[in-house]
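What follows draws every value from the coordinates through simple rules; no lab data is involved. From a predicted model like this one, the values you see are computed outputs, not experimental measurements. All Cβ positions, glycine included, derive from the backbone under ideal geometry; neighbour counts span all protein chains shown.
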Amino acid sequence: MDDKQIPGIITACESFLNRSRDELKKILSDRRVMEWGKVNFHKHTPILTAFNVPATLHGARDRVGKTIGKLAKRFDYLENDIGNLKADFSFATIASAESQGRARTLETNFESLKKDYTAFAADAKLLRESYTRLQENLSVEPLLPLARETSGKTPAFDIGLQLYRFIADEEDDKAGTKTLAGYFREAVKLGELFANISLPGLPALAVTVIKEQTKTAREAPAAIKDCLDIISENLAVEQRHLETIKDRISQLKSEPLPELLKKIDIEIEAIYRCILRFHYKSYTMEKIYAVEELEETLRFLQRTIKNELLKELKAESNNVGSPINPATLASSAADSFLHGLSGFVRGIRILIRLLLGRPTVNLVNFQNILQNAIQTCDTFYGNTPTDITKLEDFIADKLKEYDSPFPRNALFSITKNCLHKYGSAVESFTLSFKVELPVPTKGNKSASLERILRKVATSIEDLQK
């Protein structure tokens, strides 16, 4: 070392000293660091662990406590040594060799102090960050396992906890189970799927029939939502108790750390008692299971209609000779105009109209009208005057080119009967359509849609009890 290096050493030492002293003052006034000194780690380790505070934090706390006083003294020593070296070096009161030796000693002490202070600052940072993490994580959720330990892991607590999670705002992804909000969202989704069900490629009358047959399924989501509302109201008192605890815990952030941990112990007991309140409503679980089963059934039913049933209906509609083939049924219905005794009489009347030069019936055209009626008719069910009028107006519009009363009245009757036969055939095909069950029921691996729809109706009745 030569004399030229000494000013650099002095500058580095002074810079470190000024910065470190300022930092030390801030640490001494930082409650996030200093309040750990009053914490009983042995007593509160479970709580600290629940809030993701490192289990080894007490080591950092102990080192900080032991180091603070020593650092302050070492800063004073370093300041004194810097002052002496500056004075000696500036006025050259001592020989250059001695100044260099003193500078080397100062540099060695500086590096040692710097290393120790860096370790101290790291411990202080760990304490500060752990305090912040504790405040940020203050909530009921991390304390539930501790409340469960308080209960002795009884089945009653577990059932109560299950009900508590059910009314939480969001789904518990970790547990993989839905909450009330999750079931409600699913009910809304199912309602939209059934309300807007699309069956491309089928005659309008077939779509009308299928929608009518699945009317129960369209009503089910509303029944589910009503049931969930009742469950929510039934658990409202317990939920308010828990919200009160949540509010108290959130307000603990301003408390000194020892007091905060002491009050957390009290809140764990309160959480335990509150969860047991939920257990007293354990009968609600039956409704929840019923909702879950019904939603699963509805999802399966909707997929079945959109996929297997639609595919088979389209194939059958194109199958010549099938009762749900519009062309086959329209041809048979048109031919019936001249069949039997009534057909014989109609034939004579047509002959007379021909002799008089008046319009008559072209059976090929009539067959096309019938086939078009099947393809476009969107009304089929209903016994009210409005429903009946709607269907009659639809048929009358299709036959408006024909004279009344003959042959329009006869054609009207045939058209109405044709639509009825087609609708009944689609209805029978739909209800008897069998599908493989995702989970066999009572040993049955398959079931008809009629049976599944009856199950939906029964489930709705059970939810409404």
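A few comments on the model shown:
- The chain: angle of helix 363-376 to the longest principal axis, Cα-based, in degrees nearest 10: 20 degrees
- Residue-normalised convex hull volume from the C-alpha trace of the range 220-352: 217 Å³ per residue.
- Mean Cβ count within 10 Å, highest first, over the residues of peptides 216-228, 252-264: 216-228, 252-264
- The chain: projected area of the alpha-carbon convex hull, averaged over directions, in nm²: 40.4 nm²
- Over 22 Å between alpha carbons, listed pairs Lys4/Lys73; Lys38/Lys70; Lys125/Lys246: Lys4/Lys73; Lys125/Lys246
- Placing R0 at 30 angstrom, the Cβ-Cβ distance between Lys26 and Asp265 gives a FRET efficiency of 0.45 after rounding to 0.05.
- Classification of the range 3-137 by its C-alpha gyration tensor yields a prolate form. The axis ratio a/c (a ≥ b ≥ c) is 1.5 or more, and a/b outweighs b/c.
- Exposure proxy ranking, count of Cβ atoms within 10 Å, fewest first, for Met34, Met285: Met285, Met34
- Model label zone, Thr150; criterion: amide N under 17 Å from point 7 Å along Cα-to-beta-carbon; scope the range 223-258: 238-252
- For the chain, adding -39500 (n - 2.57) for each run of n ≥ 4 DSSP H residues and dividing by the number of residues yields -24500 deg cm²/dmol at 222 nm.
- In this structure, Val364 and Lys465 have a Cβ-Cβ separation that, at R0 = 56 Å, corresponds to a calculated FRET efficiency of about 0.45.
- Global geometry of the range 199-271, whether rounded, prolate or oblate, following the gyration tensor of its Cα atoms and the 1.5 cut on a/c: prolate
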